[in-house]
Each structure stands twice: as C-alpha cells, then as structure tokens.
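Input: a single structure, listed below in structure tokens.
The values are calculated or read from the model by the stated rules, or taken from the named source; none is laboratory data. Because the structure is predicted, anything quoted here is derived from the model rather than measured. Because the Cβ atoms are built from the backbone with ideal geometry, glycine has one as well, and the counts that use them run over all protein chains shown. Heads up: the accessible areas ignore ligands, DNA and RNA and are worked out on the full protein's heavy atoms, side chains in. Shrake-Rupley method; radii C 1.70, N 1.55, O 1.52, S 1.80 Å.
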Amino acid sequence: MILRKITLFSLLLTTGAVMADDQDVIRINQIGYFSQQEKVLVVDNIKPKSIVLMNEAGKKVAKLRPTRSAVSPFTGKTRYVVDFSKVASPGQYVVDVDGRQTSVLVSDHPLKDLAKASVQAFYMMRSGMEIESSLAGKYARPLGHPDIQVMIHPSAASPMRPAGMVIASPYGWYDAGDYNKYIVNSAFTIGMMLAVYEQIPDYFASLKLDIPERDNATPDLLDEIMYNIKWMFTMQDPYDGGVYHKLTTPNFEGFVMPADCHQQRYVVQKSVTATLDFAAVMAQASRLFKGSPDYPGLSEQMIKAAEAAFAWAKDHPDAFYRQGMMNQRFQPAVNTGEYGDGFAKDEWFWAATQLALATGKTAYRDLALSNMPERFAVPVWGMLSGLGVYAWLASTDAAMADKCKELLKAYADQALQNTATSNFMAPFGDKPSDFGWGCLAESFCSPAVALLFADRFIQSGKYRKDALRSLDYVLGRNPLGYCYVTGFGQKSPLRPHQRLSAADGVDAPMPGLLVGGPNPGQQDKGSGLKYASSAPDESYLDLAESYASNEIAINWNASLVAVVCWLDALM
C-alpha cells in the first residue's frame with residue numbers, strides 16, 4: 001500500500017489560513033459564507049473572553065459575543081455559538097478568539113469552486129478509459145479495466161448466456177474506494193443528481209466541466225451521467241430484461257492503479273433491486289434525454305429497456321441478492337461489496353413513479369400509489385422511496401403531489417426543531433443515530449437536499465437556512481474541525497480510503513470527494529487501527545486503512561453534488 005502525507009503547513013499555504021492550530025477551538029465553514037445569509041461560528045470547549053473579527057488589513061470590523069452555549073451529549077464539552085451575520089461585505093476576514101486566529105471568507109458565491117469539483121470528481125472515477133492530463137492534470141492515468149472480456153458468473157447463467165460466456169460491459173464509474181461497478185449504488189447516484197438537475201436545469205446548463213464531452217450541446221452533468229448509463233445498458237440481459245447486480249472481481253484488488261489490476265471480472269446474479277433501480281433510472285433519463293442531438297434515439301431505447309426490466313421484476317419479485325447464499329452454490333466466491341437489500345417496496349415505488357411519469361400509463365401510477373411509503377425517508381442507496389417523493393412533488397399530478405407534500409412536511413418540520421439547541425447550529429449532529437457509515441452524506445447532505453425540496457414545494461424560505469446549516473457542518477463547523485471534502489478547506493482529509501488516491505504517486509488526494517465521516521461502529525479497528533475517541537461525532541481517522549470512516553463513494557458524492565449545486569444556484 002502506497003501512502004503519502006501532506007504537511008498541514010503546506011496545505012495552509014494554499015488556503016490562506018492564518019495559523020496551523022486554528023481548528024483547535026474555532027469551528028467555521030472553511031469554504032466560505034454567503035454574504036447575504038446567516039454566518040455562524042462555534043468556539044469549541046473554551047469559554048471565550050474576546051472574539052474579534054478583522055479584515056485582511058488587521059482592522060477590527062466587529063467585536064463578537066456568543067449568542068448561546070450548548071453541551072455535547074457525547075463528550076460533555078461546552079460549545080459557544082457566535083453569530084456574525086451582520087458582516088455582509090464580501091472579503092477575506094480573520095477571526096481572533098483569545099489570540100487564536102483563523103481566516104474566514106465571505107462571498108457572493110463561496111460554493112462555486114466546490115460545486116464544480118464535486119461533479120468533476122465523477123470524471124476522475126470513470127472506469128474503462130484514459131483519464132487525460134489536459135482534463136485531470138496530475139491525476140491523469142492510463143486506461144484500466146476496459147471490461148470488454150467480462151465473464152458470466154455461474155450465478156448469472158441463463159440459457160442464452162451460460163456460465164463462462166464472455167461479454168463486453170465497458171464504461172461506468174468506480175463505485176468507491178474499490179474498482180468494482182454496482183447497479184444499485186450507481187442508480188441511486190444518478191437518481192439523486194437527476195432529481196436536483198430537474199429543479200435547476202439552467203444552473204447545470206451553465207456548469208462547465210473538464211470532460212471529453214464538454215463541447216457538445218448537452219449539459220456537462222448529463223454527459224457525465226450518460227457515461228455510467230452506457231455501462232448500465234450492458235448490464236441488462238437482452239434476452240429477458242433482468243439486470244445483473246454488479247460487475248466485480250471475486251476479491252477486492254490491492255492498492256494498485258487500474259492498469260495494474262489483473263483479476264478476472266464477472267457479472268453476477270440478477271436481482272430484483274438492481275433491476276428496479278435500473279428501470280427507474282432509464283425511465284427518468286428517457287424524459288431528460290428526449291430529443292437530444294448528441295444522443296439520438298437513446299431516449300426511446302431507455303424507455304424500452306426500463307419497461308423490459310420492470311416486467312422481469314414483476315416475474316421475479318423475490319430475486320434478492322444474498323451474497324453468502326450465492327457463494328454456497330457457485331464458484332468463484334465473490335467477496336466484494338454486497339449492496340444486499342431484502343426489502344423492495346421502495347424500489348417498486350421509485351421505478352413505478354418514473355415509468356408513470358415517462359409513459360403516462362395509469363398502471364404504473366396505480367403501482368406507485370399502492371407502494372407509496374407511510375412516512376418520508378431520506379433517500380439513500382438502500383431506501384429509495386424519497387426519490388419517488390421528489391418526482392411526484394415536481395409533477396403535474398396534483399393528487400400524488402399533495403400526498404408527497406404531507407410526507408415531506410412532517411419530516412422537514414421535525415428536522416427544524418433540532419437546530420435551536422444543537423451544538424453546531426445544525427438540524428443534525430446531536431443524536432447517536434446521526435453517525436455511522438457514510439453519515440456525512442446520509443445524515444447531513446441528503447437530509448439537506450430534502451429540506452431544499454421542502455423549501456421549493458412546501459414553503460419558500462422556511463427550510464433553506466437549515467439546509468445551509470447542514471452543509472456548514474460538513475464543511476468545518478463540527479467537533480473535529482474538518483472540512484470533510486478532499487482538496488478543500490484549511491483542514492481536509494489527506495488520506496482517504498480510495499485506491500486511486502493511495503496508489504497514483506500524487507501527494508494530494510483527488511479533490512472534490514466527500515469522505516464517509518465519523519463512525520462509532522469503527523468496523524475497521526480490528527485491523528489495528530486506533531481511534532482517538534469513541535464519541536459518535538469524533539470517531540474518525542484520516543487514514544487510507546480506515547474504510548469505516550474515511551472511504552469515498554459515488555453515492556455520497558451525489559448527495560454532496562445535490563446540496564452544494566442547489567445552494568450555489570439559489571443564493
């Protein structure tokens with residue numbers, strides 16, 4: 001395993017921070033604050049005697065006082081919440097707390113660079129193509145995993161595609177820290193980004209990425225998504241419509257670059273969850289790519305594929321992917337990410353919703369209605385009903401929209417009640433359940449997206465502030481003072497659990513990637529890792545070995561893309 005370090009001093013030189021130990025007590029959004037929005041910092045575990053805000057020239061702009069304090073439910077530490085929202089002039093400022101200093105940016109567009117980087121990261125996660133130096137700079141790499149000689153695993157064998165048959169399944173994104181490609185996770189990833197794309201299409205039309213397709217007529221986000229959709233097409237059995245659960249090696253590769261990987265890759269068992277997720281994505285994308293001059297005829301192919309997949313799922317409703325049981329029957333055994341899910345009502349709801357909206361067929365609407373959830377759940381890869389809720393909110397079907405508004409309103413109103421007494425002025429982060437595998441996406445970014453949908457469709461202006469507060473937490477206003485996105489902020493992850501960043505010979509990790517975050521489960525500590533704290537909100541290690549707290553994943557980045565781009569477009 002090749003691991004490198006960046007000194008904190010060198011990182012601070014590139015970000016304009018004032019002192020290397022600032023984050024010991026001062027917790028801020030390290031990317032910057034919107035000039036016309038709320039601005040809050042938190043002083044951690046010391047009672048401040050003097051808090052001064054100065055401009056770059058060192059002139060005092062404001063003397064600040066805490067508005068309230070809060071005690072951590074996990075560690076007993078006392079935090080002091082400081083509001084400096086009255087400072088509205090764009091510029092670089094310095095916060096001084098009893099002689100400790102850190103820089104803070106106030107800007108009309110503080111999220112612009114982060115928004116682009118969070119989407120650009122998907123290009124650098126592409127499988128099966130050379131990553132060009134003209135587009136990726138020092139993160140360029142040769143082609144790896146062309147996936148033109150993928151085998152049918154015995155678990156996936158069918159009369160027309162027997163075990164050992166070789167198929168081509170190129171394109172797609174690497175899923176996370178590993179090099180495999182998973183339908184359920186990439187489908188959620190696309191669904192989350194398309195849900196927000198439909199809310200701010202003009203914003204994405206103007207968001208220019210450094211990708212090979214940048215000069216065509218399609219918004220670059222849709223071009224990037226299409227790279228994975230092209231892979232998803234290859235994962236559908238053309239003879240029956242079912243969709244393979246994943247494309248994988250039997251075991252995870254070592255920490256080497258893609259071009260140095262040599263394990264045979266397989267498509268494995270078809271599953272009802274993968275097939276329904278595929279159907280949902282293809283149906284949704286068919287609407288958005290309809291009439292595209294860059295992808296002629298593809299919309300029609302998508303809806304045809306979606307309906308074939310849905311038909312297969314109806315014939316195989318119990319075809320859940322259970323890797324342990326599969327390995328008892330078939331060889332080689334597969335030991336990579338399972339993405340197992342034994343409950344599919346949410347997938348039925350999402351897929352039926354998107355097919356109803358794409359085709360106008362009453363039968364799909366009826367199925368969506370019969371599978372509608374009783375309460376709103378923030379969408380994550382294993383619970384997708386929220387993506388269906390978002391779709392109906394934005395539809396012209398008033399009856400379905402009203403039902404979904406009721407679900408979302410109950411959730412959003414409850415979330416807002418948490419902020420006033422929280423440690424870090426955020427609706428999430430004070431309950432043990434807010435932390436765990438991928439919590440920064442699933443307990444902060446994705447819920448923030450839900451609040452933005454509530455702001456759009458329920459009551460404008462009521463929920464937006466708390467969405468921004470959730471992002472503030474992720475970007476530095478948190479117990480450990482990390483901006484949890486690689487390449488951004490004064491203190492960010494330097495050693496994410498990602499094979500590309502660990503093995504590429506470049507000191508700095510690929511930028512724009514959200515790490516999983518504090519995970520009190522500490523599932524990786526058996527390998528010798530030692531966490532400094534067992535507190536739910538501090539159980540984090542910036543080490544490549546820490547897959548439980550420091551891995552990256554496309555689904556997590558999709559949630560980051562969704563909230564950052566939407567806020568960037570709104571403010």
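Listing for the model above:
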quantity: Computed log₁₀ I(q)/I(0) - Debye formula, equal Cα scatterers, no solvent, the range 385-476, q 0.19 Å⁻¹; calculated: -0.84
quantity: Listed residues 374, 38, 338 arranged by accessible area, highest first, probe 1.4 Å; calculated: 374, 338, 38
quantity: Nearest-0.05 FRET efficiency for residue 525 and residue 414, computed from C-beta distance (R0 30 Å); calculated: 0.35
quantity: Inter-label distance, nm, simple model (7 Å from Cα along the C-beta direction), residue 366/residue 133; calculated: 6.2
quantity: FRET efficiency, 1/(1 + (r/R0)^6) with R0 60 Å, evaluated for residue 239 and residue 54 via beta carbons; calculated: 0.30
quantity: Exposure rank, largest accessible area first [430, 223; 1.4 Å]; calculated: 430, 223
quantity: Sequence-separation-based contact order of the range 432-571, relative, with Cα cut under 8 Å and 6+ spacing, percent; calculated: 29
quantity: FRET efficiency for residue 216 and residue 168, using Cβ-Cβ distance with R0 set to 25 Å, rounded to 0.05; calculated: 0.55
quantity: Per-residue SASA entry for residue 246, accessible area with 1.4 Å probe, Å² rounded to 10; calculated: 0
quantity: Amide N proximity, the range 76-118 versus residue 46 label position 7 Å along Cα-to-Cβ, cut-off under 14 Å; calculated: 78-80, 95-102
quantity: Label of the coordinate-derived value, Cα extents along the principal axes in Å, listed as (i) 83, 66, 56; (ii) 76, 55, 46; (iii) 78, 75, 56; calculated: (ii)
quantity: Average Cα contact separation per residue, the range 79-156, under 8 Å, 6 or more apart, as relative contact order %; calculated: 16
quantity: Theoretical gain in end-to-end length, residue 532 to residue 263 [0.36 nm per residue, Cα-Cα removed]; calculated: 93.2 nm
quantity: Extension gain from residue 316 to residue 287, taking 0.36 nm per residue of separation minus the Cα-Cα distance; calculated: 7.8 nm
quantity: Cross-link partners of residue 63 among aspartates and glutamates (Cα-Cα below 20 Å; sequence separation of 8 or more within a chain); calculated: 22, 38, 44, 83, 96, 98
quantity: ³J(HN,Hα) computed for each position of the range 419-425 - Karplus, 6.51 cos²θ - 1.76 cosθ + 1.60, integer Hz, glycine/proline x; calculated: 5, 4, 10, 6, 5, 10, 6
quantity: Rounded to 5, the percent of DSSP beta bridges in the chain classed as antiparallel; calculated: 90
quantity: Estimated distance in nm for a label pair at residue 109 and residue 403, the labels positioned 7 Å out from Cα along Cα-to-Cβ; calculated: 4.2
quantity: Set of aspartates and glutamates with alpha-carbon distance to residue 112 below 16 Å, sequence-local pairs under 8 removed; calculated: 202, 210, 220, 472, 568
quantity: Unsatisfied cross-links (Cα-Cα over 22 Å) in the set 59/86; 304/361; 304/405; calculated: 304/405
quantity: Where 462, 49 fall by accessible area, highest first, once all protein chains stay in place (1.4 Å); calculated: 49, 462
quantity: Distance violations [Cα-Cα > 19 Å] among 49/77; 409/431; 290/314; 230/345; 208/462; calculated: 409/431; 290/314; 230/345; 208/462
quantity: Net lengthening on full extension, residue 69/residue 331 (0.36 nm per residue, minus Cα-Cα); calculated: 88.5 nm
quantity: Cα-based convex hull volume of the range 271-424 per residue, rounded to whole Å³; calculated: 180
quantity: Three-way shape label, the range 222-286, alpha-carbon gyration tensor, a/c 1.5; calculated: oblate
quantity: Prolate/oblate/rounded call for the range 260-329, Cα gyration tensor, a/c under 1.5 rounded; calculated: oblate
quantity: Whole-number percent relative contact order across the chain, with pairs defined as alpha carbons under 8 Å at least 6 apart; calculated: 17
quantity: Within the chain, longest stretch free of exposed chymotrypsin sites (Phe, Trp or Tyr not before Pro) [DSSP loop, at most 14 other beta carbons within 10 Å]; calculated: 1-238
